[in-house]
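*Asks:* What follows is a single structure, and I will ask about it in a moment.
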Amino acid sequence: MLKCRFYLAKFLILFSSILFPMLSWGIINIGEDIELEGFVKAHNIMKTGARPFNDGELTHQRNTAQLEGKYYFLREGTAFNRFSTGPIEEATFTFLGRAVYDSVYDLRDSYDVLNDRGKEEYKIREAFVDFMMPPFTLRLGRQQVVWGETDNFRALDVINPLDRTWHGTRESWEDIRIPLWMARGIWDIGKIGPFEETFLEVIVIPDDFQTNKVATRYPRPWAFKGIGLQDENANSVLIDNTLYDLNVNVIDSSPEKRELSNVQGGFRFKGIWNDVDFSVNYFYGFSQTPGVKVLSVGLDQFDTFQTTVEVVNPRINVFGVTASYSEEKYTQSVIRLETTITKGIPVSIAAGAPHRADPDGDGFDTAHQSVVMIGLDRPTWIPALNSLRTFFLSTQFFWRRYLDYNNYYQGSFYDVRPAVVNGSVVPDRFVSVNNDKLDQDEFVITFSASTSYGRAGLWKPQFVFAYDPRSTGAYNKIKMEYLYSKSLVFAAEQHFYWRESGDDQGPWGLGSYLGEPGIRRNETVFTATYQF
Amino acid sequence: MKKCIKFPPTYLNQLPGFLTTLPLLMAATLLWLPANSNASEDQSYQALRDWIDNPPTGTQASPGQHLTSGDREAVLEALIPQSAWGYYFFDDMDMEITATRNYPVPDGWGGEDMDTDFAVDEAGTLLDFTGGGYPFPDISPDDPKAGQKVVQNMLWRPGANDYDMPMVTWLRSEGGKLDRVMEYTSTNATYARGKESLVPGYEEVKSKQVMEFRSPRDMAGAKDMSIRYVDHHKENSGWLYMPAQRKPRRTLASERTGELMGMDMIREDSMGFGGKTYENNWTYLGKRKVLATINVSTNPEFGGPSQWVPHKARWEVRDAHVILIEPKADNHPYSHRIVFIDAETYWTHWMFAFDKQDDQLLRMNQHFLKYSEDFGTEPPEQAPYIKQDFSKSVGHKVFLHLGQVDINAKKPHATLTHCYTNKREFTAARAKQFYSLRNMISGRR
């Protein structure tokens with residue numbers, strides 16, 4: 001039901017550019033020095049739960065307008081066509097702004113409890129200046145920096161946190177990375193010894209620390225609410241068959257923004273050795289996923305179970321090496337490799353762990369973690385399916401291991417369930433149970449295939465598959481994009497989650513539990529994009 | 001024990017509504033089989049061979065003449081390869097004929113800086129050549145490796161690199177329906193310049209190229225860097241930067257037979273032949289006179305019922321080497337490829353490739369060129385999105401590529417490109433910076 005005509009008007013204004021197509025269709029030039037481009041996108045997502053199209057529920061009607069611009073204010077050593085800039089040969093200013101209005105908040109009464117959280121966003125996401133002083137370049141401002149060879153898993157790509165609030169990690173990461181204020185300097189070295197095309201990159205993030213953003217409030221469709229009841233919070237604890245009220249006090253000790261002591265930074269040395277494209281990386285930062293230290297637990301004088309926890313983001317040290325090699329003769333594949341060792345990963349330790357497993361007694365530890373990713377990209381002919389164009393096949397094997405593992409490491413899939421005392425459900429009382437034990441080794445395999453059809457290649461199907469061989473949880477996406485015109489692009493996609501056997505959730509967010517009643521993340525997505 | 005991956009039972013009951021229709025939709029898409037085109041003309045390989053071996057007699061095209069469809073039998077059929085007749089002859093066609101000229105090569109071309117210490121292997125592949133002139137200035141029709149030698153001259157021709165090339169590409173269906181327009185810019189530099197490299201220390205590099213898309217927005221900012229090596233046996237190195245990924249990705253060079261980005265060409269079709277000599281069998285078919293848009297006044301407009309071919313353009317009668325190229329690989333889409341390469345300038349004018357399934361025309365391309373020394377008096381059209389100083393091209397004595405037509409005869413569909421090419425000379429320091437892996441780790445966004 002529409003609540004307010006104002007919002008309808010807003011919606012229509014936002015989409016007037018679709019109704020009244022503009023003449024321009026590429027980058028718009030304003031004078032010789034300014035370029036603008038962008039898009040307006042209507043993004044409709046329907047939770048199809050366990051019964052596609054029979055049990056649908058519109059969860060998003062996210063309308064996005066994005067404007068990107070570049071201002072070439074310094075060319076060939078002259079700024080603003082006037083001032084000589086000496087060794088600075090070129091400079092540009094780039095900005096990327098995004099406005100979002102999710103009209104589903106005005107259509108669904110059930111979203112009223114969210115108090116418009118997630119409904120709108122108006123942000124200058126990126127704004128940076130590039131200076132080129134060969135052989136040095138410097139980028140200053142709010143930006144994204146992506147390292148590594150892995151697609152859509154975090155190993156070296158940990159510099160910018162992710163905003164997973166509105167659609168998890170199912171969107172292009174370009175759109176969900178949280179840009180940070182930083183300096184990125186590059187020294188282009190070239191040939192040295194046996195290495196070619198080398199450069200050294202240094203990044204410094206003086207004070208802009210942000211955590212990954214995760215929604216936790218029901219009924220946001222991608223709120224992280226564990227695997228149990230989604231619309232209830234634990235309010236009780238059960239001790240010796242007696243139910244007590246639960247009160248949790250949270251102390252937020254995550255690094256304060258705008259403090260120089262929170263500096264983060266790193267370097268990357270990249271080059272080519274014997275046709276192998278490689279990099280050596282180091283990043284010193286904070287874990288963007290918080291850990292929880294349990295400071296105190298116990299019953300107070302009112303028989304309330306008081307828990308005081310401290311949320312912390314420990315320092316991390318990430319060491320990494322990447323390589324990619326185009327093997328043209330035998331496999332005709334590009335082989336990608338990325339490996340990291342990270343110190344400082346926060347982990348929880350199960351309650352009741354012995355002293356040797358939890359010497360501080362706070363249910364918290366930092367672990368050393370290694371990651372190895374091996375990937376293959378291959379343009380492949382499948383003539384029976386496409387006689388004109390190859391399929392781009394890409395697969396990854398991702399292995400994560402806790403190097404100093406202990407058997408009491410606990411995952412984050414808690415389960416809120418009704419409190420049961422003496423075999424009877426107690427109304428309005430809920431307890432939280434966490435049986436999610438971390439495995440020392442975690443694996444996931446991904447595969448994607450894409451190609452294009454039609455005389456001008458305007459139909460672009462994509463198939464994505466991810467599989468966790470331990471939990472047997474899986475995820476599939478089938479997408480068809482249609483480039484209807486130079487400005488209009490339509491896409492339809494279906495996401496679904498399933499498993500081969502068992503009931504282990506695994507660490508990756510894969511498996512049928514995500515499609516079952518309650519969580520219901522099987523989705524049908526329709527998008528229409530007007531680009532300019 | 002073998003395990004079967006299966007959906008949970010709850011899914012099996014619930015999928016039909018959507019997933020049973022999905023395969024039907026996909027099958028319908030996949031079965032969208034191409035229709036044959038322009039069947040009024042014989043577009044078989046044999047017909048073109050007959051045209052080459054037994055040229056139709058005709059009267060000479062005279063400078064200043066404007067040829068129309070009325071001149072088809074008398075003049076044009078003898079000068080336009082038969083496979084192209086169905087596209088290039090149409091009711092209101094207008095081909096301006098200009099005198100055949102000689103086009104001097106750049107100063108110093110083939111002079112003392114040229115590399116003369118090279119060899120040719122059994123397959124006709126050029127070994128250890130680093131440029132500075134044509135490796136085979138004299139082509140003997142009796143030479144069993146004449147075909148490979150002509151193509152090597154084409155690959156090492158002057159003007160092949162060292163330019164800024166903003167481009168606009170139109171993808172058109174029959175009837176002129178515009179399916180897609182793309183804007184992009186290629187910048188290219190010759191490293192191998194004979195006895196010296198543009199950038200000392202990079203003697204193994206033949207040339208480097210960076211190409212960046214400007215529109216449509218779903219491709220804007222995508223850029224590709226490729227490195228070609230003087231060793232013909234070594235595959236190119238390539239990286240692709242996609243703004244959505246914000247990082248470069250290594251690309252594979254050895255797959256050259258799939259259509260690219262909806263365009264009606266494969267990588268191996270580049271300038272008639274962009275593959276590896278040793279992957280093909282070669283036959284030199286002699287010389288033929290053909291009409292060529294070798295020195296157009298400006299980027300030609302497109303005409304014909306589907307707006308696929310140059311119209312009101314300036315043509316010149318040229319002697320062309322005719323090379324038959326037959327891929328060795330069983331799974332190659334082509335049975336035969338015939339390329340017409342200018343006998344004086346070694347630029348490709350026409351290419352015809354025939355379908356391995358039936359020996360009928362599958363793809364063709366035809367090129368528009370302009371001689372740099374005419375840029376001063378008769379500058380070509382400016383790109384719609386950038387203005388260039390074309391006087392920079394004067395004095396180089398090379399041809400600049402102003403565009404091409406690529407037709408897929410089986411779809412049928414065409415890709416038409418205008419190149420707004422301008423010469424650009426890089427200093428060693430600038431080339432080192434511009435054509436670097438460092439330059440591929442970020443882009444427009």
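Just so it is clear, none of the values below were taken in a lab; they were calculated from the coordinates. Keep in mind that what you see is a predicted model, and the values were worked out from it rather than measured. Every residue, glycine as well, gets a Cβ built from its backbone with ideal geometry; the counts of neighbours run over all protein chains shown.
*Asks:* Could you order the peptides B:409-422, B:256-269 from most to least packed, using the average number of other C-beta atoms within 10 Å per residue?
*Replies:* B:409-422, B:256-269
*Asks:* Which whole-number percent of Cα pairs in the stretch B:303-356 have a distance greater than 15 Å?
*Replies:* Tail of P(r) above 15 Å: 61 percent of Cα pairs.
*Asks:* Cα axis of helix A:5-14 to longest principal axis of chain A: angle in degrees, 0 to 90, nearest 10?
*Replies:* Orientation of helix A:5-14: about 30 degrees from the principal axis.
*Asks:* Between residue A:380 and residue B:46, how many nm apart are label points set 7 Å from Cα along the C-beta direction?
*Replies:* Label at residue A:380, label at residue B:46, 3.9 nm between them.
*Asks:* Let me ask something else about it. For peptide A:185-196, how many partner chain Cβ atoms fall within 10 Å of a residue's Cβ, on average?
*Replies:* If you average over the peptide's residues, the count of other-chain Cβ atoms is 3.
*Asks:* If you don't mind, there's one more thing I want to ask. Which ³J(HN,Hα) values in Hz, rounded to whole numbers, follow from the phi angles of the stretch A:237-249 under the Karplus curve 6.51 cos²θ - 1.76 cosθ + 1.60, where θ = phi - 60° and Gly and Pro get x?
*Replies:* 10, 10, 10, 6, 6, 10, 9, 10, 5, 10, 10, 10, 9
*Asks:* Related question: What do you get for Rg/Rh of the stretch A:142-223 when both radii come from the Cα atoms and Rh is the Kirkwood radius?
*Replies:* 1.11
*Asks:* What average number of partner chain Cβ atoms lie no more than 10 Å from the Cβ of the residues making up A:387-393?
*Replies:* 5
*Asks:* Please work out the ratio of the alpha-carbon Rg of the stretch B:217-348 to 2.2 N^0.38 Å and round it to two decimals.
*Replies:* After normalising by residue count via 2.2 N^0.38 Å, the value is 1.28.
*Asks:* Under 27 Å Cα to Cα from residue B:411, which lysines show up? Leave out anything in the same chain fewer than 8 places away.
*Replies:* A:460, A:479, A:486, B:177, B:276, B:312, B:328, B:356
*Asks:* Next up: Kirkwood Rh and Cα-based Rg: tell me the resulting Rg over Rh for the stretch A:112-171, rounded to two decimals.
*Replies:* Expressed as Rg/Rh, it is 1.10.
*Asks:* Name the residues of the stretch B:349-373 whose amide N is less than 15 Å from a point 7 angstrom out from the Cα of residue B:281 along the C-beta direction?
*Replies:* B:356
*Asks:* Turning to a different aspect of this structure: Using θ = phi - 60° and the Karplus relation 6.51 cos²θ - 1.76 cosθ + 1.60, list the HN-Hα couplings for the stretch B:112-120 in order, rounded to whole Hz, with x at every Gly or Pro.
*Replies:* 6, 7, 5, 6, 10, 9, 9, 9, 10
*Asks:* Still on this structure, please answer the following. Per residue of chain B, what 222 nm ellipticity follows from adding -39500 (n - 2.57) for every DSSP H run with n ≥ 4, rounded to the nearest 500?
*Replies:* -2500 deg cm²/dmol
*Asks:* If you don't mind, another one. Evaluated at 10 °C with a viscosity of 1.306 mPa s, what Stokes-Einstein diffusion coefficient in µm²/s does the stretch B:316-445 have when Rh comes from the Kirkwood expression over alpha-carbon pairs?
*Replies:* D = 89 µm²/s.
*Asks:* For residue A:470 paired with residue A:308, estimate the spin-label separation in nm (one decimal), with each label point 7 Å from Cα along the Cα-to-Cβ line.
*Replies:* 3.5
*Asks:* Would you please give the FRET efficiency between residue B:62 and residue B:389, computed as 1/(1 + (r/R0)^6) with r the Cβ-Cβ distance and R0 = 35 Å, to the nearest 0.05?
*Replies:* FRET efficiency, residue B:62 to residue B:389: 0.45.
*Asks:* Å³ per residue of the Cα convex hull, for the stretch A:445-532?
*Replies:* Measuring per residue, one finds 107 Å³ for the Cα hull of the stretch A:445-532.
*Asks:* What would the Debye formula give as log10 I(q)/I(0) at q = 0.14, 0.31 Å⁻¹ for the alpha-carbon point model of the stretch A:52-109, no solvent?
*Replies:* -0.59, -1.12
*Asks:* For the stretch B:186-282, treating each Cα as an identical point scatterer without solvent, what Debye log10 I(q)/I(0) comes out at q = 0.13, 0.16, 0.18 1/Å?
*Replies:* So the normalised log intensities work out to -0.54, -0.81, -0.99.
*Asks:* Which whole number gives the average count of other chain Cβ atoms within 10 Å of the Cβ atoms across peptide B:258-268?
*Replies:* 4
*Asks:* Taking H placed 1.01 Å from N in the peptide plane, check which residues at least 5 places from residue A:333 or on another chain put their amide H under 5 Å from its amide H.
*Replies:* Under 5 Å from the amide H of residue A:333: A:327.
*Asks:* Right, something else. Rule-of-thumb check for the stretch A:226-286: C-alpha Rg over 2.2 N^0.38 Å?
*Replies:* Taking the Cα Rg and dividing by 2.2 N^0.38 Å, one obtains 2.26.
*Asks:* Could you work out the mean projected area of the convex hull around the alpha carbons of the stretch A:320-432, in square nanometres to one decimal?
*Replies:* Convex hull of Cα atoms, orientation-averaged projection: 14.0 nm².
*Asks:* Another question about this same structure. In nanometres, what is the gap between the two model label sites at residue A:258 and residue B:312, each 7 Å from Cα along Cα-to-Cβ?
*Replies:* So the label points at residue A:258 and residue B:312 sit 6.4 nm apart.
*Asks:* Let me make sure I get this right: for the stretch A:388-524, a, b and c are the square roots of the gyration tensor eigenvalues over alpha carbons, sorted descending. Under 1.5 in a/c it's rounded, otherwise prolate if a/b > b/c, else oblate. Which is it?
*Replies:* Oblate.
*Asks:* Sorted by packing (mean other beta-carbon atoms within 10 Å per residue), highest first, where do B:70-78, A:189-197, A:491-499 land?
*Replies:* Answer by packing, highest mean first, reads A:491-499, B:70-78, A:189-197.
*Asks:* Then there's this: Quick check: from the Cα gyration tensor, does the stretch B:232-280 come out rounded (a/c under 1.5), prolate or oblate?
*Replies:* Verdict is oblate for the stretch B:232-280.
*Asks:* To continue, here is another question. Tell me the Kirkwood hydrodynamic radius of the stretch B:31-174 in angstroms, computed as one over the mean inverse distance between distinct C-alpha pairs.
*Replies:* Final number for the Kirkwood radius of the stretch B:31-174 is 19.5 Å.
*Asks:* Now a separate question. When you take every Cα atom in the stretch B:381-445, what is the radius of gyration, and what is Dmax, the widest Cα pair distance, in Å?
*Replies:* Radius of gyration, then largest Cα-Cα span, for the stretch B:381-445: 16.6, 47 Å.
*Asks:* Next question, about the same structure. Could you work out the helix-only [θ] at 222 nm for chain A, with each DSSP H run of four or more residues adding -39,500 (n - 2.57) and the total divided by the number of residues, to the nearest 500 deg cm²/dmol?
*Replies:* The helix-only estimate for chain A comes to -1000 deg cm²/dmol at 222 nm.
*Asks:* Taking amide hydrogens as modeled 1.01 Å from N in the peptide plane, which residues meet the under 5 Å criterion relative to residue B:93, leaving out close sequence neighbours?
*Replies:* For residue B:93, whose amide H was placed from the backbone, the distant partners under 5 Å are B:69.
*Asks:* OK, next. Suppose the Debye formula is applied to equal point scatterers at every Cα of the stretch B:102-194; what is log10 I(q)/I(0) at q = 0.22 Å⁻¹?
*Replies:* Log-scaled intensity ratios, in q order: -1.08.
*Asks:* To check my understanding: the extent here is largest minus smallest coordinate of the Cα atoms along each principal axis. What are those three numbers for chain A, in Å, largest first?
*Replies:* That gives 79, 58, 54 Å along the principal axes, largest extent first.
*Asks:* What residues from the stretch B:236-263 fall in the zone where the backbone N is under 11 Å from a label point 7 Å along the Cα-to-C-beta line of residue A:275?
*Replies:* Within reach of a label on residue A:275: B:236-237, B:253-254.
*Asks:* What does the convex hull of the alpha-carbon atoms of the stretch A:81-196 project to on average, in nm²?
*Replies:* That works out to 11.3 nm².
*Asks:* May I pose another question? How large is the convex hull of the Cα atoms of the protein assembly as shown per residue, expressed in Å³ as a whole number?
*Replies:* Hull volume over Cα atoms, normalised by residue count, gives 196 Å³.
*Asks:* Right, here's the next one. Taking just the C-alpha trace of the stretch A:262-377, give me its Rg and Dmax in Å.
*Replies:* In order Rg, Dmax, the Cα atoms of the stretch A:262-377 give 21.2, 75 Å.
*Asks:* So, one more: Taking a cut-off of 24 Å between Cα atoms, list the lysines near residue A:119, but don't count ones fewer than 8 places away on the same chain.
*Replies:* A:3, A:10, A:41, A:47, A:213, A:225
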